[in-house]
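Enquirer: Dumping the structure here so I can ask a few things about it.
The values are calculated or read from the model by the stated rules, or taken from the named source; none is laboratory data. Because the structure is predicted, anything quoted here is derived from the model rather than measured. Note that we place each Cβ from the backbone using ideal geometry, even for glycine, and neighbour counts take in every protein chain shown.
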Amino acid sequence: MNILLTSAGRRGYLVKYFREALNGDGFVHVGNSSPVSPAFTYADYHIVTPLIYDENYIPFLLNYCKEYDIKAIISLFDIDLYVLSCHKKEFKDNGIEVIVSDPKVIEICNDKWNTYNFLINNGFNAPLTYIKKETFYEDYNNMKIEFPVIVKPRWGMGSIGVYVADNIEELNVFYEKVKRDILSSYLKYESNQDLDKAVLIQQMIKGQEYGLDVINDLNCNYKNTIVRMKYAMRSGETDCALIVDDNRIKSVGENLSFALKHIANLDCDIFVTANNDIYVLELNARFGGGYPFSHIAGVNLPKTIINWLSNKPEEYLSAKIGVLAQKDISMLDISEYMCENDHVKK
């Protein structure tokens, strides 16, 4: 079985996980729109693709998959998810599985305003979130919310354009700064849907932060929730975390699974306050930056996905409690990839 990981960027560890899972029974192909992609160094094959929003992107991927007998595509980047999701049938008709949730699920996760409304409408606690400054000012004057608050992109990823405002003056400055950050980054593509409402103001929740891997099978059936207590963050991703066993938090993951009906992994950020209230902040319908902590603790979702695709019953979705892990920083020589635009075997 050959697998294509798209928009792999710097997630070389996932390329390694899938190669190990295949164990020589197929190849891992990696695609990215930029040749500056450390993930290429870990792949059996790599290819520089058109940009995600290029009209040739889907035809390019489809032709590539047919030429190299790709059986499944897995995207590792938020912007890529919706585009691929809208073309799942086209790939399916050619015998290629796209491991991504339905468009409505991606819209809920990628659009943080939709995320907030989904959470509230389904009975989850979520930080107060505002799409209009006027509504925030009204609640602030009525003492329904207080500073500090978070100012962030509605269609946001990582830590791009996320600021903490301690007062009205800072709020106004950061609000305009977020707009500029959006327009000067790849966030502009999804934000073009509604640039006038592309900035959110969100209540700042204080407490212990956790990350969840909420795992469903390929038919949206719930399988398990892995809970990690976050010790440190770096550039919007978990840098150090401890695998814990907390049934209250796991039940939140299970309820999210039933309400959202996603496919495979849902990366979720939550806070537990001093009063033990659980707030859900973010949903990402993909492998997140926290998955390696689950993997090092014994979960093997890549191998499980391959087994699901092969109609094999074995699942590897249990984590060892008490595993504390931290990410490392390493250097890679990627100079050879800067000169190559064609399909290359490692």
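Residue by residue, here is whether (1) outside any helix (DSSP H, G or I); (2) buried (at least 18 other Cβ atoms within 10 Å of the Cβ); (3) on the phi > 0 side of the Ramachandran plot holds:
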site	(1), (2), (3)
Ile160	yes, no, no
Glu169	no, no, no
Asn172	no, no, no
Lys177	no, no, no
Asp181	no, yes, no
Ser185	yes, no, no
Lys188	no, no, no
Leu200	yes, yes, no
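Enquirer: Mind counting the residues in the stretch 319-346 that are in a helix (DSSP H, G or I), exposed (fewer than 11 other Cβ atoms within 10 Å of the Cβ) and modelled with pLDDT of 70 or more?
Expert: Total meeting the criteria: 1.
Enquirer: A follow-up question, please. Name every residue in the stretch 291-318 that is surrounded by fewer than 24 Cβ atoms within 10 Å (Cβ to Cβ), assigned to a loop (DSSP other than H, G, I, E, B) and in contact (Cβ under 8 Å) with a residue 12 or more places away in the chain, in order of residue number.
Expert: Scanning the stretch 291-318 gives Ala297, Gly298, Asn300, Ser310, Glu315, Tyr316, Leu317, Ser318.
Enquirer: Six or more apart or on different chains, Cβ under 6 Å: which pairs go from a residue in the stretch 14-33 that's over 21 Å from Ala297 (Cβ atoms) to one that's in a helix (DSSP H, G or I)? Could you list them?
Expert: Once the first residue is over 21 Å from Ala297 (Cβ atoms) and sits in the stretch 14-33, its partners that are in a helix (DSSP H, G or I) give Val28/Val15; Val28/Phe18; Val28/Arg19; Val30/Val15; Val30/Ala39; Val30/Phe40.
Enquirer: Quick test for you: out of Ile52, Ile106, pick the one residue that is surrounded by 18 or more Cβ atoms within 10 Å (Cβ to Cβ) and assigned to a helix (DSSP H, G or I).
Expert: Working: Ile52 fails: assigned to a helix (DSSP H, G or I).
When all the criteria are applied, what remains is Ile106.
Enquirer: State all residues of the stretch 204-220 that are out of contact with any Lys or Arg (no Cβ under 7 Å at 6 or more places or on another chain) and either free of Cβ contacts under 8 Å to residues at least 40 places away in the same chain or not charged (D, E, K, R) (or both); if no residue qualifies, say none.
Expert: Step one: list which residues in the stretch 204-220 are out of contact with any Lys or Arg (no Cβ under 7 Å at 6 or more places or on another chain), which gives 204-208, 212-214, 218-219.
Within the stretch 204-220, Met204, Ile205, Gly207, Gln208, Leu212, Val214, Leu218, Asn219 qualify.
Yes or no, residue by residue, for (1) surrounded by fewer than 19 Cβ atoms within 10 Å (Cβ to Cβ); (2) over 18 Å from Tyr291 (Cα atoms):
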| site | (1), (2) |
| --- | --- |
| Ile3 | no, yes |
| Arg11 | no, no |
| Val15 | no, no |
| Phe18 | no, no |
| Asp25 | yes, yes |
| Ile47 | no, yes |
| Pro59 | yes, yes |
| Ile70 | no, yes |
| Ile74 | no, no |
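Enquirer: Ok, one more. Residues of the stretch 221-252 being within 19 Å of Ser318 (Cα to Cα), part of a loop (DSSP other than H, G, I, E, B) and in contact (Cβ under 8 Å) with a residue 60 or more places away in the chain, which ones?
Expert: Of everything in the stretch 221-252, just one residue is within 19 Å of Ser318 (Cα to Cα), part of a loop (DSSP other than H, G, I, E, B) and in contact (Cβ under 8 Å) with a residue 60 or more places away in the chain, namely Asp245.
Enquirer: Limited to the stretch 270-290, what total is found for residues that are part of a loop (DSSP other than H, G, I, E, B) and either in contact with a Gly (Cβ under 8 Å, 6 or more places away or on another chain) or under 29 Å from Leu128 (Cβ atoms) (or both)?
Expert: Total meeting the criteria: 10.
Enquirer: Could you list, in sequence order, the residues of the stretch 138-158 that are assigned to a helix (DSSP H, G or I) and surrounded by fewer than 17 Cβ atoms within 10 Å (Cβ to Cβ)? Talk me through it step by step, then tell me what you get.
Expert: So the first thing to find is which residues in the stretch 138-158 are assigned to a helix (DSSP H, G or I), and the list is 138-141.
The answer is Glu138, Asp139, Asn141.
Enquirer: Say whether the condition of being in contact with a Lys or Arg (Cβ under 9 Å, 6 or more places away or on another chain) and more than 16 Å from Glu336 (Cα to Cα) is met by at least one residue in the stretch 28-39.
Expert: Among the residues of the stretch 28-39, at least one is in contact with a Lys or Arg (Cβ under 9 Å, 6 or more places away or on another chain) and more than 16 Å from Glu336 (Cα to Cα), which makes the answer yes.
Enquirer: Looking at Gly207, Gly253, Gly236, Gly211, which one is surrounded by fewer than 16 Cβ atoms within 10 Å (Cβ to Cβ) and either modelled with pLDDT of 95 or more or over 18 Å from the mean Cα position of the chain (by Cα) (or both)?
Expert: Numbers: Gly253 fails: surrounded by fewer than 16 Cβ atoms within 10 Å (Cβ to Cβ); Gly236 fails: either modelled with pLDDT of 95 or more or over 18 Å from the mean Cα position of the chain (by Cα) (or both); Gly211 fails: surrounded by fewer than 16 Cβ atoms within 10 Å (Cβ to Cβ).
Of Gly207, Gly253, Gly236, Gly211, the one residue that is surrounded by fewer than 16 Cβ atoms within 10 Å (Cβ to Cβ) and either modelled with pLDDT of 95 or more or over 18 Å from the mean Cα position of the chain (by Cα) (or both) is Gly207.
Enquirer: May I pose another question? Across the stretch 86-98, what is the number of residues that are farther than 13 Å from Cys65 by Cβ and in a loop (DSSP other than H, G, I, E, B)?
Expert: Total satisfying the criteria: 1.
Enquirer: Still on this structure: Give the stretch 256-269 a look and list any residue that's assigned to a strand (DSSP E or B) and surrounded by fewer than 23 Cβ atoms within 10 Å (Cβ to Cβ), or say none.
Expert: Within the stretch 256-269, Asp267, Asp269 meet the criteria.
Okay, residues lined up against (1) at pLDDT 95 or above; (2) under 20 Å from Asp194 (Cβ atoms); (3) assigned by TED's automatic domain parsing to the domain that holds Leu256:
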position	(1), (2), (3)
Ile70	yes, no, no
Phe77	no, no, no
Val83	yes, yes, no
Glu90	yes, no, no
Trp113	yes, yes, no
Pro153	yes, yes, no
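Enquirer: I've got another one for you. In this structure, is Gly288 touching a strand residue (DSSP E or B) at 6+ places or on another chain (Cβ under 6 Å), more than 14 Å from Tyr116 (Cα to Cα), modelled with pLDDT under 95 and crowded, with 21+ Cβ neighbours inside 10 Å? Give the steps one after another, and end with the answer.
Expert: Values: touching a strand residue (DSSP E or B) at 6+ places or on another chain (Cβ under 6 Å): yes; more than 14 Å from Tyr116 (Cα to Cα): yes; modelled with pLDDT under 95: yes; crowded, with 21+ Cβ neighbours inside 10 Å: yes.
Yes; evaluated as a whole, the condition is true for this residue.
Enquirer: Can you tell me which condition Asn117 does not meet? The list is (1) of a type outside the set (A, V, I, L, M); (2) assigned to a helix (DSSP H, G or I); (3) touching a residue at least 24 places away in the same chain (Cβ under 8 Å); (4) closer than 30 Å to Asn219 by Cα, and all the others hold.
Expert: Going through the list (1) of a type outside the set (A, V, I, L, M); (2) assigned to a helix (DSSP H, G or I); (3) touching a residue at least 24 places away in the same chain (Cβ under 8 Å); (4) closer than 30 Å to Asn219 by Cα, Asn117 breaks only (3).
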